[in-house]
Amino acid sequence: MDKQPSKYVPVLKWRQGEYQALNRLYDSVKDGIIPLVNIPPIEYDFEEKRLKKTAHEHVQLFPRRFSAKWGNRPSFIDFDESLHDEFMDSGASVVSFVFEELSALGHNPVPVTGISRSKNYQAVIKTAHKECGTGMAVRIKLEELMHPEISKHISDLIKYHGISFDNIDLIIDLGAPQSFEPYVTFAKALVKRIKAIARLDSFRSFILVATSISISDVKAPGAVMPRHEWSLYKALVERLRDVRLPNYGDYCIELPGYTSLDMRFVNAAEDYIYNG
């Protein structure tokens, strides 16, 4: 990704509607997108009172489906925390399985880590980025960004992975803040913390992600929904011009977290099942 903000980074949960939409985009549109795919947790079967699938069953089809729908275009791959220390039937970790299978299919997406991930997860990601040669992404949450030692935490993580700044994508993920307004006040607070990160201009790319809307908020056709994350982004850009301009990202019309719904009591039109 270029150091100038030229790409849109949607965070996707790899639901059927999402990967079909990606697949159907014109190539010229795909060229401007680098999706951050977050493999979701295993769904719970409320009737059987157990998880619907094993970890193996949950991710087994992902590599081939990803290959078919997005191919070898640039992308980021992350995992729900519940999958970080899960294993396939073969004994391989879920995380290593995904990257090894994608590599075998000729695809090398950028693996994503963060400063609060487990030691086992960090070790697997370290192996993955060394073998795939595409570097890695560091995803920072809002509460982590606000920590007074955020710069040290990032530096320590980079030191552990033994990777240069120009092979790292820095993703500031604000999630879904309770309030974005007033935009200028929020932007000033964020800029102060962002500028505290050492060598910000040395990262391969710098991405800002947030969301202010969920699909349950979407009204009848014709309604206008404010995208507060876009207004905040514009306020941030004005205050980061002297340092580093971020690429824009959002969660489309989804919220960052996952809600486990008992589908026996939910209208079928609200069923957004993850399809592996």
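Here, each number is a calculation from the coordinates, and none is a lab measurement. This is a predicted model, so every value here is computed, not measured. Note that we place each Cβ from the backbone using ideal geometry, even for glycine, and neighbour counts take in every protein chain shown.
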Contact list please: Cβ distance under 8 Å, first residue in the stretch 63-90 and touching a residue at least 24 places away in the same chain (Cβ under 8 Å) and buried (at least 18 other Cβ atoms within 10 Å of the Cβ), second residue among the basic types (Lys, Arg) and outside any loop (DSSP other than H, G, I, E, B), pairs at least six apart or on different chains.
78/139
How many of the residues in the stretch 1-32 are aliphatic (A, V, I, L, M), touching a residue at least 40 places away in the same chain (Cβ under 8 Å) and either surrounded by fewer than 17 Cβ atoms within 10 Å (Cβ to Cβ) or closer than 21 Å to residue 172 by Cβ (or both)?
4
If you scan the stretch 165-204, which residues turn out to be closer than 19 Å to residue 76 by Cβ and touching a His at 6+ places or on another chain (Cβ under 9 Å)?
167, 168
Answer residue from the stretch 33-52, given it is loosely packed, with under 15 Cβ neighbours inside 10 Å and touching a residue at least 60 places away in the same chain (Cβ under 8 Å) and is farthest from residue 255 (Cα to Cα) among those:
47
